[in-house]
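Written below as structure tokens is the structure these notes are about.
The values are calculated or read from the model by the stated rules, or taken from the named source; none is laboratory data. It should be emphasised that the depicted structure is a prediction, and the values quoted were computed from it without experimental measurement. Every residue, glycine among them, receives a Cβ derived from its backbone with ideal geometry; neighbour counts consider all protein chains shown. All accessible areas refer to the heavy atoms of the entire protein, side chains included, with ligands and DNA or RNA removed. Shrake-Rupley method; radii C 1.70, N 1.55, O 1.52, S 1.80 Å.
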Amino acid sequence: MMHGNPLEKYELLLKEDTAELERYRYNAALDAKENIFRVSNEVIKGLIAMNGPSWRMFEAIARHIDLYPLRIKADDEFIAAFNQGKRYIPSEYRTVTLAAADYVDVYQLSNNTGRKQFVRDAISLYEESVELFQGDSLKVSRPINEIEFHLERRAKGAKSTEEVVALADMKGDKPVATQAARITFELNEKLALAMLFVVKNFTRLDNNIKSHLSPVANKLYTYLKMTMDSQRPVREQHILSWDLATWNRFLNTNYASITRLKDRFNLHTQITDKTDLTLIADIDREQKTGRAYTHFYVMWMKTPTHELIEQGKPVEKPSRKRLPPRPRVVAGSHAEGEWAKKCLAILKDFEDRLNALGRILPKADRDKRDRYNKILGRS
């Protein structure tokens, strides 16, 4: 179930002027160069109850899918379905092929073990039957419709050949292979509808920070980051307190008591040690039934930048505001000077934030700054 009109955001796509979506596409491409990707909050909430390896594989898909495939605007099947008020995303826009080599590299897995894990995580995602979690508005029973495994066969002294294998051949007591060079996924149509063309209520995730985490810690970090970034007004500290059943569903565990959960829970230490968040976790002693405690909490905040630098942790790179386009005015006019001043103010703010992290303004921006100063008659 999805709240509101699920086709509403696609109306932007069908406008004659797609400049707004093109800006989102451009910014997403810039993010991707810095290993940052974005996922709809609706999708995070809808799928977060998946197990850790499944979530990690889904994130790999989210990093590679084209979120803003503007060419769909010319797809006759999509247009016909939309005009009838139907949900329809043609298969080509929700099909993604991942490479084992990339998966192993990004998540820092050993080559042989990692390539086997690549296959296991893919099968885990395909077989997921997603449960409803707290506050989700997207219900997807199966995230993946179809899956294919691409095997590379290499005979001695001959070139390698590719063989496409179905899921059934990769399972059982005697699978045809335990590794695959690539895997192709076709996403569930409802899931793709929620993922694509996201223009609001999404979370930017920095994989430079997340990829060092275990699958379950990575999933918790994602949920905390989404919660923190979506709360208004912005707060310095955040807290979630869940009962045992909710934690078991999130962690895919079966702890019999809150005390047992506390004894085994170490995700807060891992996330604090390896990311830009600082976590505290303990039994919530304000919530109990009789003498038994019923809730366990996690409190978190963004770690101050100076502490991250001192500890040698990855720091999320500051982003620069978009520079305003040059107005159609006469060169050397007052209006051109005012435009140059606005651009310089944006660059100065960006440079100050970079300097605080011990970084300098990129050369392209330094060149722009020189051009704006020249307009203003400054050397």
*Any chance segment 181-197 includes a residue that's farther than 30 Å from N27 by Cβ and of a type in the set (S, T, Y)?*
no
*Every residue from segment 259-277 that is surrounded by 15 or more Cβ atoms within 10 Å (Cβ to Cβ), under 25 Å from G46 (Cα atoms) and free of Cβ contacts under 8 Å to residues at least 60 places away in the same chain*: L261, F265, L267, H268, Q270, I271, L277
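In the list R153, R204, R142, which residue meets the criterion of being open to solvent by 40 Å² or more (accessible area, probe 1.4 Å) and modelled with pLDDT of 90 or more? Walk me through how you get there before you give the answer.
On the way: R153 fails: modelled with pLDDT of 90 or more; R142 fails: modelled with pLDDT of 90 or more.
Step by step, each of R153, R204, R142 is checked, and only R204 is open to solvent by 40 Å² or more (accessible area, probe 1.4 Å) and modelled with pLDDT of 90 or more.
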*Which ones in segment 244-297 are in a strand (DSSP E or B), within 21 Å of M226 (Cβ to Cβ) and hydroxyl-bearing (S, T, Y)?*
T278, Y297
*Report the residue count in segment 328-337 for those that are charged (D, E, K, R), more than 10 Å from L376 (Cβ to Cβ) and modelled with pLDDT of 90 or more.*
0
*So which helices (runs of 4 or more DSSP H) stay within segment 26-115 end to end and still have 1 or more residues that are surrounded by 15 or more Cβ atoms within 10 Å (Cβ to Cβ) and over 16 Å from the mean Cα position of the chain (by Cα)?*
76-83, 100-106
_Wholly within segment 143-243, strands (runs of 3 or more DSSP E) carrying at least 1 residues that are small (G, A, S)_ = 161-166, 237-243
_Odd one out for H306 among (1) modelled with pLDDT under 95; (2) within 21 Å of Y223 (Cβ to Cβ)_ = (2)
*Note down all Cβ pairs under 9 Å where the first residue falls in segment 19-36 and is of a type in the set (K, R), the second is assigned to a helix (DSSP H, G or I) and at pLDDT 90 or above, and they're at least six residues apart or on different chains.*
R25/L70
*Quick one: R371 ticks every box in (1) modelled with pLDDT of 90 or more; (2) surrounded by 17 or more Cβ atoms within 10 Å (Cβ to Cβ); (3) in a helix (DSSP H, G or I) except a single one, so which number is it?*
(2)
_Residues satisfying the stated conditions in segment 68-102, i.e. aliphatic (A, V, I, L, M) and over 30 Å from K116 (Cβ atoms)_ = L70, I72, A74, I79, A80, A81, I89
